[in-house]
C-alpha cells in the first residue's frame, strides 16, 4: 500500500478535482491519496466526487487555523 500526496494549495476549481482524478488513475486499489488545498469549494467538491466514484473518504482535516485543509482518501 502506498501513500500519494497532492498539493493543490493556492489552486481553485476545477484544478484540485482534476489533480485528484489524475492521482486516482495512478494509484492502486487500497492506496491512500492525501490532498492538501486551500480552496473552500474544493473541500466540499472533492469528497462528493470521491463518493460518486465509490472511493472512501477517510478524513477531512482543517489546518493552519482553517486556511488550509487536508483530505485523506482510500482508492
* Structure fact -> Rounded to the nearest 10 degrees, the helix 40-52 long axis (Cα) sits at an angle to the longest Cα principal axis of the chain of 20 degrees
* Asked: For the stretch 3-74, what log10 I(q)/I(0) values come out of the Debye formula at q = 0.13, 0.15, 0.20, 0.21 1/Å, with one point per alpha carbon and no solvent?
  -> -0.30, -0.40, -0.73, -0.81
* If contacts are Cα pairs under 8 angstrom and at least 6 residues apart, what is the relative contact order of the stretch 3-74 in percent? -> 34 percent
* Where does the chain land at 222 nm, in deg cm²/dmol rounded to the nearest 500, when only DSSP H runs of n ≥ 4 count, each adding -39500 (n - 2.57), divided by all residues? -> -10500 deg cm²/dmol
* Asked: On full extension of the chain, what length is gained from residue 63 through residue 5, given 0.36 nm per residue of separation minus the C-alpha to C-alpha distance?
  -> 19.3 nm
* Fewest to most neighbouring Cβ within 10 Å: what's the order for 28, 42? -> 28, 42
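Read-outs: derived from the displayed coordinates by stated rules, not from any lab. All values derive from a computational prediction rather than experimental measurement. As a convention, Cβ positions derive from the backbone with ideal geometry for all residues, glycine included, and neighbour counts pool all protein chains shown.
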